[in-house]
Amino acid sequence: MGTVHARSMDPLPMHGRDMGVHPDDMIEVQEAEQETKQEVLENKDVVVQHVNIEGLGRTKEDLLGYEISEVFDAKNLIDVMKKSHIARQKLLRMGIFKEVEVVIDTSDGADALPNGLDVTFEVTEMKRLTGSYNTMVGNNEGSMVLGVKLPNVFGRAEKLTFQFSYGTKETSYGLSFFKPQPGNFERNLTLNLYKVTGQFPWSSLKETDRGVSTELNFPLWRTNHTLKWEGVWRELGCLARSASFAVREESGHTLKSALSHTMSIDTRNSAIFPKKGALLRINQELAGYTGGDASFLKEDFELQFNRRLVWDSVLSASLWGGCLLPIGGRPSSIADRFYLGGPTSVRGFGMYSIGPQSEGDYLGGEAYWAGGLHLYTPLPFRPGRGGFGDLFRTHFFLNAGNLCNLNYGEGPRAHLQKLAECIRWSYGAGLVLRLGNIARLELNYCIPMGVQSGDRICDGVQFGAGIRFL
C-alpha cells in the first residue's frame, strides 16, 4: 500500500503505576485499549478538511485535483486510508512521480473540527529527462531498446519519447507524444512519427516503413477502444537474389492511408499465465478511403477462455480468425495479408509457413482461422514452489488452422468449405517459462499433422518466444 502515516486522533490511554493499575490487570487494560482503538478506527465519523500535495514543481495542481477528489468523501479513518491508497495509485499511474507518500493527521488551525483530518501527499517528481536501456521479446524475435523520455513536458502528464530498437529481424526508431485527458487517464491521445525496417525471411522480403499515426484510446462500459489513423510510405524489396518472381512483382514504393478500430474485453487475471477469465479482441481496418495506393477492408478477431481445474491446472481454449477484402479491383499487397504457422500459432510448422507460396516464398493469404486447446499444469512434484518454480508450467496442446485466398464472387458457403479444406493440425507437450508479465518462452515437442505440399514443418523440438500465443 506504500507508506501511509496516520496519527491517533485521541490520546492513548495510559497505564502502569502512575494510573494505579495493578500489573495483574495489564492484560485486561490492553484488551480494552485494543477495543477502543478498533472503535476509533472503524466507527468514529471523521471529516477530511484539507488535502495537500507537497513537492510539486512543474506539475499543475488542477491536474491532480481529479485524482484525489474522492478522499474528501471518506467517512471514517479506515475509509480515509483506503481512498488515500487508491489516490496514491492513481498518482503513480500517471508516470510523472518517482515516489508518493501519504500522511494522515488531525486538523489544526482556527477552522479545525474535533473530528477533522488533513491528508497530505508528499510527492517526488520525475526528472525532466530520463533514459532507459532494456531488451524486448517479440513474436519469435528479440531486440535491444534504447529510449529517451521527457515526462510531464507541459505539467499535465504529457510525455515525449524517442526510442531506438535494434532486433534480430527489425530495426526501428520513432518519436511519440502522449497526452491523457485530465481526470480520465485511460482516455488519451498518442501521436507517432517512425521508421521501421524489417526482414521477413519466410517471404524473402524486406520492408521499410516511414509513417505517422494518431491513436485515440478510451474505455466504454466494460470495453476498451482504440481509434487509429495511419499514413505510411512503404518500400518493399527482395531479401535475397533467390526471391521468387511473385515477391519481385511486389517490390517498389506504395502509400497506405488507413483507418482502424480495435475493441477489446479482457477479464483475465494475467496476460501471460491466465488462470481464469476471457479475452475478446476485434479489429477492423479500412485502407484507401483517405487516399493511398492500398485499398481494402480487413477484419480479424481473437477469442480466449481460461478455466482453473484441479491441482492448480488450467484449461485454455483460443480461436483466431480474419479476412481481407480488396476494394476497387486492386489486388492485396503481400505486406497486408495474414500469415500463419510457427511456435506462436500452429505449432509444429515453420514460422509463417502455411498457405499460398511460390518457389519456397510464402505469400500470405486473405482469410484464415486457427484454434487451440491447451492444458497447463505445475511442474511434477512442484520443485521451487512459491518461488522460481512458479515461473514454469508444463504444457499439453492441440492446434489446428488454415490459411488461403478466397474468391469473393462465390457465396459464404463456398468460403467456409475452402477454409475447412486442407486443415493443418498438430499436438504435443512441453515447458513454458514466464518472463515477468510481458512475455513467455516455450520449448515443445511437436507432432505436425495434415501437412500439405509446400508446408515447412518442425517435427520434434520447437522453441518459441513471444507476447501473443494461440
(message) Being within 26 Å of Leu189 (Cα to Cα) and among the β-branched types (Val, Ile, Thr) is true for just one of Val153, Val103. Which residue is that?
(response) Val153
(message) Taking the conditions exactly as written (surrounded by fewer than 16 Cβ atoms within 10 Å (Cβ to Cβ) and in contact with a helix residue (DSSP H, G or I) (Cβ under 7 Å, 6 or more places away or on another chain)), does Leu416 satisfy them or not?
(response) no
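To keep it simple, each residue is scored yes or no on (1) part of a helix (DSSP H, G or I); (2) without any contact (Cβ under 8 Å) to a residue 60 or more places away in the chain; (3) surrounded by 14 or more Cβ atoms within 10 Å (Cβ to Cβ).
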{"site": "Gly57", "(1), (2), (3)": "no, no, no"}
{"site": "Glu67", "(1), (2), (3)": "yes, no, yes"}
{"site": "Phe72", "(1), (2), (3)": "yes, yes, yes"}
{"site": "Ser84", "(1), (2), (3)": "yes, no, yes"}
{"site": "Ala87", "(1), (2), (3)": "yes, yes, yes"}
{"site": "Gly95", "(1), (2), (3)": "no, no, yes"}
{"site": "Val103", "(1), (2), (3)": "no, no, yes"}
{"site": "Asp111", "(1), (2), (3)": "no, no, no"}
(message) List pairs: first residue in the range 267-294 and of a type in the set (Lys, Arg), second residue in a loop (DSSP other than H, G, I, E, B) and surrounded by 15 or more Cβ atoms within 10 Å (Cβ to Cβ) anywhere in the structure, Cβ distance under 6 angstrom, at least six positions apart or on different chains.
(response) Arg268/Pro274
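Quick grid of which residues meet (1) over 30 Å from Ser251 (Cβ atoms); (2) touching a residue at least 24 places away in the same chain (Cβ under 8 Å):
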residue: Gly372; (1), (2): yes, yes
residue: Pro378; (1), (2): yes, yes
residue: Arg382; (1), (2): yes, no
residue: Phe388; (1), (2): yes, no
residue: Phe396; (1), (2): yes, yes
residue: Gly401; (1), (2): no, yes
residue: Glu421; (1), (2): yes, no
residue: Leu443; (1), (2): yes, no
(message) Restricting to the range 215-242, count the residues that are assigned to a strand (DSSP E or B) and open to solvent by less than 50 Å² (accessible area, probe 1.4 Å).
(response) 14
(request) Any chance you could count how many residues in the range 306-336 are of a type in the set (A, V, I, L, M), closer than 23 Å to Leu236 by Cα, part of a strand (DSSP E or B) and open to solvent by 10 Å² or more (accessible area, probe 1.4 Å)? (result) 1
(message) Out of the residues in the range 358-378 meeting the condition of being touching a Gly at 6+ places or on another chain (Cβ under 6 Å) and hydrophobic (A, V, I, L, M, F, W, C), tell me which one is least open to solvent (accessible area, probe 1.4 Å).
(response) Ala370
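The values are calculated or read from the model by the stated rules, or taken from the named source; none is laboratory data. As the structure is a computational prediction, the values presented were derived from the model and not from experiment. Please note: Cβ atoms are built from the backbone with ideal geometry, for glycine as well, and neighbour counts cover all protein chains shown. The area values use the complete protein model at the heavy-atom level, side chains included, leaving out ligands, DNA and RNA. Shrake-Rupley method; radii C 1.70, N 1.55, O 1.52, S 1.80 Å.
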